[in-house]
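In what follows, a structure is listed as structure tokens, so that the remarks can point back to it.
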Amino acid sequence: METTLILLKPDTVERGLIGEVISRLEQKGLKINGLKMMQLDDAIVTEHYDFLADKPFFPSIKEYMMRTPVVALAVSGQNAIATVRMLTGATNPQEALPGSIRWDFGLTIDGNIIHASDSAETAQTELKRFFKGENIFDYSRGFDGIL
Ligand code: GDP
């Protein structure tokens, strides 16, 4: 069973889409193990998007990610990392497949709704970054993976 880190970005919060996006994850059969709203600061956004630091759009990403609080989720399930990336869709909503979260709710790359860890290694780092080992709960639903 894998666990992945998801952030519902400020456009999702502003547009009242938190529940819609979380529903997609739950409907797929993924389990929510952690859920919290948090205001990101410059340090955590810079660390999270460090690999984009030399891109011209880096300042605008930082501004975007701090515009409102975000919702962080720890989500688990069989093959959860790749599954959530499939549900999420391509980085640019214009290129995401219909039915994916970014296609269905996003219009431009400036507001692409959701962040999801892209590998097991990244997930481990990102879960620690946003949950710091606290407030991640394990529980049985009695039907895990078999909806
Ligand atoms: P992801 O894993 O699909 O989120 O994509 P990346 O890791 O490549 O990029 C991280 C985030 O940076 C994306 O989700 C976007 O919010 C932002 N981003 C990436 N490329 C661009 C771009 O060309 N323009 C703008 N404005 N933002 C971008």
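The values are calculated or read from the model by the stated rules, or taken from the named source; none is laboratory data. Keep in mind the model is a prediction, meaning the values are calculated, not measured. No Cβ is skipped: glycine too gets one built from the backbone with ideal geometry, and neighbour counts run over all protein chains shown. Please note that ligands, DNA and RNA were not included when accessible areas were found on the heavy atoms of the full protein model with its side chains. Shrake-Rupley method; radii C 1.70, N 1.55, O 1.52, S 1.80 Å.
Given a 1.4 angstrom probe, I'd like the percentage of the accessible area of the stretch 1-73 that is carbon and sulfur, rounded to a whole number. Exposed carbon and sulfur together represent 53 percent of the surface. Report note on the peptides 30-37, 109-116: ranked by the mean count of other C-beta atoms within 10 Å, highest first, their order is 109-116, 30-37.
Taking only Cα atoms of the chain, what ratio of Rg to Rh do you get with Rh as the Kirkwood inverse-distance radius? When Rh is taken as the Kirkwood radius, the ratio is 0.94.
With each label modelled as a point 7 angstrom along the Cα→C-beta vector, the Arg85-Arg129 pair spans 1.6 nm.
Please give the length that would be gained between Ala120 and Met66 if that part of the chain were fully extended, namely 0.36 nm times their separation in residues minus their C-alpha to C-alpha distance (nm, one decimal).
Values: separation 54, 0.36 × 54 = 19.44 nm, distance 2.57 nm.
Answer, rounded to one decimal: 16.9 nm.
Taken over the chain, lysine pairs spaced eight or more positions apart, or on distinct chains, with alpha carbons under 26 Å apart number 17.
Solvent-accessible surface of the stretch 2-131, taken per residue with a 1.4 Å probe and all protein chains present: 49 Å².
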